[in-house]
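J.: Have a look at the structure that comes next, please.
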Amino acid sequence: MLDLPPPFAFGFPEKFSSWRQDQLTAIEKIIDPRGNVRATALTMPTGSGKSLVYVGGGVLYGGAPSSHLLDRPQRIAFLTSTKALEDQLTNDFHTVGLVDVRGMNSYQCL
């Protein structure tokens, strides 16, 4: 089982003061260096802290050069189904480098 410092130690907002046990289990599945997988899918219920899990897993796996654990800098992408969730994620996680790219009509399709 992972034993991580609190989320704010990685640059997450201070409102995320501690990890929940299920969040640590999920993040461990995301960043497991033994697995040779291209993608990880998790199912978590409403209110379980999914946002911190997938952003945290992305950052710790290699999404933010200043904080990744596995020395694998990578780009991580999250697709959302609503603009409200996109706003929430951007507001909560801009401190770790999350940027908002939206508006299909704003980009040319080659």
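J.: Please give me the summed charge of the neighbours of Pro45: other residues whose Cβ is under 13 Å from its Cβ, Lys and Arg +1, Asp and Glu -1.
T.: Working: positive: Arg20, Lys50; negative: Asp22.
Net charge around Pro45: +1.
J.: Also, quick follow-up: So, counting K/R as plus one and D/E as minus one, what does the shell of residues with Cβ under 14 Å around Asp100 add up to? Walk me through the numbers on the way to the answer.
T.: On the way: positive: Lys83, Arg102; negative: Glu86, Asp87, Asp92.
Around Asp100, the surrounding residues sum to -1.
J.: Excluding Asn91 itself, what net charge comes from residues whose Cβ is under 15 Å from its Cβ, given Lys and Arg +1 and Asp and Glu -1? Mind showing how you got there, number by number?
T.: Working: positive: Lys15, Lys83, Arg102; negative: Glu14, Glu86, Asp87, Asp92, Asp100.
Cβ neighbours under 15 Å give a net charge of -2.
The numbers here are math on the coordinates, done by the rules we state, and not lab data. Only a predicted model underlies this, so the values are computations on that prediction, with no experimental measurement involved. Reconstructed Cβ throughout: ideal geometry from the backbone, glycine too, with neighbour counts over all protein chains shown.
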